[in-house]
């Protein structure tokens, strides 16, 4: 029996050490929407954290924009989180995923681009939301 190193099976220990886990940051500075930034690789191991981040942002009561411009990889579990969020939020969920990225291709292959609200930039994702947010009215006392 011949010895076959682990790297021949795609289990390169160095690659696994270099892999970046998903990091999720909630940006609450925009007045019309809550923005969740996704950095690194969003995988099955991160879905609980990602989903709880979205749930906590939804409780704020504003539309949610998920910025995945810095997301280098997402798997089907991450797509499941996005689909569940879209089912609950409807038009209030917007995704920012650049064309040509791995995430965009995944959504295209699964035909989810026709269902989800996907934009190339945060400004484009927020612009339609700002049109639906009621304007604050001043009261004269």
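Tabulated results
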{"item": "In the range 102-113, residue farthest from residue 91 (Cα to Cα) [restricted to those that are touching a residue at least 24 places away in the same chain (Cβ under 8 Å), within 15 Å of the chain's Cα centre (by Cα) and surrounded by fewer than 17 Cβ atoms within 10 Å (Cβ to Cβ)]", "result": "102"}
{"item": "Which listed residue is in contact with a strand residue (DSSP E or B) (Cβ under 8 Å, 6 or more places away or on another chain), modelled with pLDDT of 85 or more and over 17 Å from residue 126 (Cβ atoms), from 34, 42, 21, 77", "result": "42"}
{"item": "The range 61-97: number of residues that are closer than 14 Å to residue 37 by Cβ and assigned to a loop (DSSP other than H, G, I, E, B)", "result": "1"}
{"item": "Leading residue by the ranking (nearest to the chain's Cα centre (by Cα)) among those in the range 28-43 that are over 19 Å from residue 78 (Cα atoms) and touching a residue at least 40 places away in the same chain (Cβ under 8 Å)", "result": "33"}
{"item": "Verdict on residue 76 being free of Cβ contacts under 8 Å to residues at least 60 places away in the same chain and either over 24 Å from residue 110 (Cα atoms) or touching a helix residue (DSSP H, G or I) at 6+ places or on another chain (Cβ under 6 Å) (or both)", "result": "no"}
{"item": "Any hit, the range 48-60, residues being surrounded by fewer than 21 Cβ atoms within 10 Å (Cβ to Cβ), in a strand (DSSP E or B), at pLDDT 85 or above and out of contact with any helix residue (DSSP H, G or I) (no Cβ under 7 Å at 6 or more places or on another chain)", "result": "no"}
{"item": "Looking only at the range 114-129, and only at residues there that are crowded, with 16+ Cβ neighbours inside 10 Å and either in contact (Cβ under 8 Å) with a residue 60 or more places away in the chain or in a helix (DSSP H, G or I) (or both), the one that is farthest from the chain's Cα centre (by Cα)", "result": "129"}
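The values are calculated or read from the model by the stated rules, or taken from the named source; none is laboratory data. Given the structure is predicted, the values throughout are model-derived calculations rather than measurements. Here Cβ is always computed from backbone atoms with ideal geometry, including for glycine, and neighbour counts include all displayed protein chains.
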